[in-house]
Amino acid sequence: MSLPVSSVVNVSITTTPVAPSRAGFGTLMFLTTDDTGPLDASIRTALYTDPTDVEATWGGSSEVTVAANTYFAQVPKPVTFKVGFWDTSGAETITEALTIVEAADGDFYFLALEKAIRDNADAQLVGPWTEARIRMFGTASNSADTINGSLATDIASVFKASSLRRSFVVYSSSVNQYPEISVMARAATVDFDA
């Protein structure tokens, strides 16, 4: 007489798929042309984990500080904020600057620009650069053309026409705010695996 296997052995297998993690996923790189801080043509990036350190380094009215305060104000609070420097004193293009920043510190996923770079041809080049590297680029537009559906020359329309999937534009009537950074900070703190 033989015993059924089920009365001796009971096996249960449970699998939980795990999404692959992305290096630097929760990290924002903020590109600035501000040369009054610690960055220059030889030192291209800086890392911060607290907004008070950013303010101590860059000053309270700096665009870097405004952006960092926006980023770290998100609840739950993101962990890492990085600053990259674009040396505009020479003939360096924005995509050359981004490539240099990436070579110096490529551990970031989100990318944002200081407000002086918004709504111009340079900002329009950042979307394709980002897409080629599987990163996420967000920018705000302060141009009223962005909300005029009959125009096709604003940055949002250019991105849409280019079918960019990892770049987005947020319209804001306030030049002094960084709503795109708020969006990316929220995305940086969401557990997409849960």
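Brief remarks follow.
- Residues of the range 24-69 satisfying the condition of being charged (D, E, K, R), without any contact (Cβ under 8 Å) to a residue 40 or more places away in the chain and out of contact with any helix residue (DSSP H, G or I) (no Cβ under 6 Å at 6 or more places or on another chain): Asp50, Asp53
- Members of the range 121-150 that are open to solvent by less than 60 Å² (accessible area, probe 1.4 Å) and either modelled with pLDDT under 90 or under 14 Å from the mean Cα position of the chain (by Cα) (or both): Ala123, Val126, Gly127, Trp129, Thr130, Glu131, Arg135, Met136, Phe137, Gly138, Thr139, Ala140
- Only one of Ser89, Ser162, Ser174 that is under 24 Å from Thr36 (Cα atoms), over 16 Å from the mean Cα position of the chain (by Cα) and touching a residue at least 12 places away in the same chain (Cβ under 8 Å): Ser89
- Taken across the range 131-154, residues that are closer than 24 Å to Thr88 by Cα, part of a helix (DSSP H, G or I) and β-branched (Val, Ile, Thr) do not occur at all.
- Complete set of residues in the range 63-88 that are among the basic types (Lys, Arg) and in contact with a Leu (Cβ under 9 Å, 6 or more places away or on another chain): Lys82
- Within the range 173-194, the only residue that satisfies the criterion of being surrounded by 18 or more Cβ atoms within 10 Å (Cβ to Cβ) and in a loop (DSSP other than H, G, I, E, B) is Tyr178.
- Residue check for Ala161: open to solvent by less than 30 Å² (accessible area, probe 1.4 Å) and over 12 Å from Val126 (Cα atoms): no
- Condition met for Val83 (among the β-branched types (Val, Ile, Thr), in a helix (DSSP H, G or I) and crowded, with 19+ Cβ neighbours inside 10 Å): no
- Members of the range 155-172 that are in a loop (DSSP other than H, G, I, E, B) and in contact with a Pro (Cβ under 9 Å, 6 or more places away or on another chain): Ser162, Leu164, Ser172
- Only residues that are open to solvent by 10 Å² or more (accessible area, probe 1.4 Å) and of a type in the set (Phe, Trp, Tyr) were counted across the range 86-112, and they come to 2.
- Residue list for the range 58-70, filter: open to solvent by less than 30 Å² (accessible area, probe 1.4 Å) and more than 15 Å from the chain's Cα centre (by Cα): Trp58, Gly59, Ser62, Thr65
- Residue satisfying all of: in the range 28-57; assigned to a helix (DSSP H, G or I) and open to solvent by 20 Å² or more (accessible area, probe 1.4 Å); nearest to Thr189 (Cα to Cα) among these: Pro51
The values are calculated or read from the model by the stated rules, or taken from the named source; none is laboratory data. Everything numeric in this text was worked out from a predicted model, so none of it was measured. For neighbour counting, all protein chains shown are included, and Cβ atoms are generated from backbone atoms with ideal geometry for every residue, glycine included. Ligands, DNA and RNA are stripped out before the accessible areas are found, and what is left, the full protein with its side chains, is counted by its heavy atoms. Shrake-Rupley method; radii C 1.70, N 1.55, O 1.52, S 1.80 Å.
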